[in-house]
Amino acid sequence: MTNFAVIGTSKITDAFIEAARQDPRFNLIAIYSRQQTTAQAFADKYNIEHCFTDLALLANSKLIDAVYIASPNNFHTQQSITLLESGKHVLCEKPIAINCAELTKMVTSAKVNNVTFMEAMLVTFLPNYQQIKNHIKALGNIHKYSASFCQLSSRYPAYLRGENPNTFNLSFGNGALMDVGIYPLYLAIDLFGLPTEVIGQSHKLPTGVDGYGDLLLKYDLPDIGNNQATLQAHISYSKLSNGNNICEIQGENGYLMWQHSSLFNEVSLHLNDGRCQTLTLAQTDNRMTYELSHFIDLIESGHSESSVNSWQLSQQVLSVIEQARKQQGIIYSADKPAEN
């Protein structure tokens, strides 16, 4: 059994706990929050024995083996490194860091301290995503990837009232690409690797973050036929509007289609000869179960790095996000050189 602490008391932490408790090896014993009242209320909600408001005390606790971090993005690096240096295994919510430089420091700490460190990106573990990977060769040469994640934020009304909720707050390292656009981007990088060109555009809010936007990724792919294989990946994302979030990979022999970049509710293969195959498999209602079980597997087997959500994959995704943000003029404090 692995004794866990969680950092963060938002809805994502609620969902994680619900999913994690489906694995009998998960034992939740501690909660960290900066405010004692917040930590205690969350502890009471889930019958958690220990509350921490001091990260150093949590890191040094002999009771805790692993920590799930779901704090605002700008805290991920400092919290992760503090925990990794104390020998704690860390499962850190996406985006794992603000930029590539931060992630490099986190990975170095995981290596030096020989602990497990992984980005909590759930989609790569879903059975229906594996169906995409298993059947993609049937498409022949691939030319188009089109995926979207457009979901109206529950915090948008507060923003319109003149408030500055975390979702749209530059100081927390947030925005539409970091929050929802990262899902279809993660899949594109996992499937096709780094693009040869990144073109990004977005609607920048007065707070300094993006409310919605689009990415165009251009690829030259290995040819599996007699023609030059090129691919353009179009990724659309929004926190200001809802969409149907239908996604496709189009090849010369047909196309794969699925519903929603983070859920994969329905998957189907459509070939040019008229054949259509439903590929949908049963999945758990809470999709976070798979990543948690994989993370515990890594701990028990003594592996620091996941072969699924590898450090290289996380680094490549962040590198594309950085390029897009630079083009859009979205700059976080972590991007700025430290003052002497």
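Derivation of every value follows stated rules applied to the coordinates shown; laboratory data play no part. Values in this document were obtained by computation on a predicted structure and should not be read as measured data. A quick note on method: Cβ atoms are made from the backbone with ideal geometry, for glycine too, and the neighbour counts reach across all protein chains shown.
Couple of notes before you dig in:
- Sum of side-chain charges, Phe26 neighbourhood, beta-carbon under 14 Å (Lys, Arg +1; Asp, Glu -1): -4
- Each Lys and Arg contributes +1 and each Asp and Glu -1, all at the Cβ; summed about the Cα centre of the chain, the dipole is approximately 380 debye.
- For region 81-123, the Cβ-based charge dipole about the Cα centre amounts to some 80 debye (Lys, Arg positive; Asp, Glu negative; other atoms uncharged).
- Cα gyration tensor, region 47-182 - rounded (a/c under 1.5), prolate or oblate: oblate
- Applying a DSSP loop filter and a limit of 11 other Cβ atoms within 10 Å to the trypsin sites (Lys or Arg not before Pro) in region 231-306 leaves Arg275.
- Residues of region 238-273 with amide N under 18 Å of the 7 Å Cα→Cβ point at Glu18: 262-265
- Folded to 0 to 90 degrees: helix 182-192 orientation relative to the chain principal axis, Cα: 50
- Inter-site label distance for Arg275 and Ile199 at 7 Å from Cα along Cβ, in nm: 3.6
- Taken along the Cα-to-beta-carbon direction at a fixed 7 Å, the label points for Leu63 and Gln78 span 2.5 nm.
- Aspartates and glutamates with Cα under 13 Å of Lys45, excluding same-chain neighbours fewer than 8 positions away: Asp14, Glu18
- Inter-probe distance in nm under a simple model that places probes 7 Å from Cα toward Cβ, at Ser310 and Ile29: 3.4
- Cα-based reach from Lys62 at 19 Å (exclusive), listing lysines while leaving out same-chain residues under 8 positions away: Lys88
- Cross-link pairs Lys144/Lys239; Lys218/Lys326; Lys11/Lys133; Lys94/Lys133 - those with Cα-Cα distance over 26 Å: Lys11/Lys133
- Sequence ranges 84-95, 326-337, 17-28, ranked by mean other-Cβ count within 10 angstrom, highest first: 84-95, 17-28, 326-337
- Rounded to the nearest whole Hz, the Karplus-based 3J(HN,Hα) values (6.51 cos²θ - 1.76 cosθ + 1.60, θ = phi - 60°) of region 212-220 follow the sequence 7, x, 9, 10, 10, 10, 10, 10, 10, with x at glycine and proline.
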